[in-house]
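Throughout, read-outs are computed from the coordinates displayed, never taken from laboratory work. What you see is a predicted model; the values in this text were computed from it and never measured. Heads up, the Cβs are rebuilt from the backbone with ideal geometry, glycines too, and the neighbour counts pull from every protein chain shown.
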Amino acid sequence: MIDGKVWPHRALSANKVNAGDNADMENFALVLVYLLIGTLLRRVRGFPAETGPVLNQYVLYVALPALVLQKMPLLEFSGQLWIPATLPWLLLALTAGAVLIAGRLWQWDRNIIGALLVVLPLGNTSFLGYPMVEAFYGDAGLPFAIIYDQAGSFLALVTYAAILAAWFSPTTDTRPSGPQILSRILLFPAFVAMLLGLVLKGWSYPAFMTLLLDSLASTLVPVVMIAVGFQLRLKLDTGQTAPLMMALGFKLLLMPAAAVGMLWLLQPQPLLMQVVVFQAAMPPMISAGALAIGAALAPRFVAALVGLGLLGSFITLPLWFWLLQTWT
């Protein structure tokens, strides 16, 4: 795992603040290097086209559950934990409404509307969110990021997004049943790991278990960012530029701004607020993009939305980090 440091409080000395800032930038640079490695590996003939999805499966079934088990003991229960669990759903409702209004106003193609309804409300809060939260906020921020992702983004992916993808898909009339949705939730490895971590909270892992979790969790960031770089695509069909630019602006700028507005009246503890808004600022979710592409919903548009969103986030995420530090 990338060694992150919690952002120093303003009461600390200038030297310590500078040291924390340097560590954040080094971690951010590492994430960019991993992404670049993935894009370069796509040009190496020895790597098959399925390399990206295979690496994603390793992350989903091994590295991500290990990270969740490793970090859940850091979670401190408080009356504000409902915030990272519920805010993603509020933002989802806001985003879906905005897509429907914009689609009708500008008469977008039905596949574009369906793709945006599936992809735009969901941020890349695990594959990108975990490493970025750790890079900027350190280990202390990860439990809040996990709650936001598992209780919000993940549940929305296997329920809302799965249903909408099937509903708008031009190739199938099949709708996921209630038992199928429930089984996807209960059997998802990271969700199981989160529940297990909550049950085991307060217990110390055996030394070998700690070593195993640390070693597996340390592979998440390089593997997932290499996989993301390997799958990066930036192609568009005619007439898709305007909805793409509007969607990116909404996802990277307006959604986190809306999160700030929703949280401002609640006045949660600073770290919780910063991590929650930071997660809201993540680019479109890769898994939701894969779901939309699999449903034949404007595949090139979705690939470009995910790819450009990822690249744009490397500009907007540091900006949001700086703004959040200034405001809170």
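No solvent, one uniform scatterer per C-alpha: report log10 I(q)/I(0) for the stretch 275-328 via the Debye equation at q = 0.15 1/Å, two decimals.
Scattering profile of the stretch 275-328, log10 relative to I(0): -0.49.
To the nearest 20 debye, what charge dipole does the chain have about its Cα centre, counting +1 at the Cβ of each Lys and Arg and -1 at the Cβ of each Asp and Glu?
Working: 16 positive and 13 negative charges, 110 e Å.
In debye, rounded to 20, the chain gives about 520.
Report, in deg cm²/dmol and to the nearest 500, the calculated mean residue ellipticity at 222 nm for the chain, where each DSSP H run with n ≥ 4 adds -39500 (n - 2.57) and the sum is divided by the residue count. It would help to have the intermediate numbers written out before the result.
Working: 17 runs with 212 residues, N = 328.
Using -39500 (n - 2.57) per qualifying helix, the result is -20500 deg cm²/dmol.
For the stretch 269-323 and the stretch 109-176, what is the separation of their C-alpha centers, rounded to whole Å?
When both Cα centres are located, 9 Å separates them.
Hey, can you grab everything whose amide H is under 5 Å from the amide H of residue 124? Only 5+ residues off in sequence or another chain; H modelled, so Pro and N-termini drop out.
When sequence neighbours closer than 5 places are left aside, the close amide H contacts are 285.
Mind giving me the FRET efficiency for residue 57 and residue 264? R0 is 45 Å, r the Cβ-Cβ distance, nearest 0.05 is fine.
According to the calculation, E is roughly 0.70.
What residue among 276, 169, 249 has its Cα farthest toward the positive end of the dipole of the chain, where the charges are +1 on Lys, Arg and -1 on Asp, Glu, each on the Cβ?
Of the candidates, 169 comes out farthest on the positive side.
Based on the Cα gyration tensor of the stretch 131-204, what are the three equivalent ellipsoid semi-axes, each the root of five times an eigenvalue, rounded to whole Å and given largest first?
Over the Cα atoms of the stretch 131-204, the ellipsoid semi-axes are 30, 17, 7 Å.
Compute log10 of I(q)/I(0) for the chain with the Debye formula, placing one identical point scatterer on every Cα and leaving out solvent, at q = 0.06 Å⁻¹, to two decimals.
Values, matching the q order: -0.20.
Note the count of lysine pairs whose C-alpha atoms are less than 24 angstrom apart in the chain, limited to pairs 8 or more residues apart or on different chains. Can you show the working numbers first?
On the way: 5/16; 5/71; 5/201; 71/201; 235/251.
The number of close lysine pairs in the chain is 5.
State whether the stretch 213-328 is rounded, prolate or oblate according to the following rule on the C-alpha gyration tensor (a ≥ b ≥ c being the square roots of its eigenvalues): a/c under 1.5 gives rounded; otherwise a/b larger than b/c gives prolate, and the remaining case gives oblate.
Details: a/c = 2.32, a/b = 1.32, b/c = 1.75.
Taking the square roots of the gyration eigenvalues as a ≥ b ≥ c, the stretch 213-328 is oblate.
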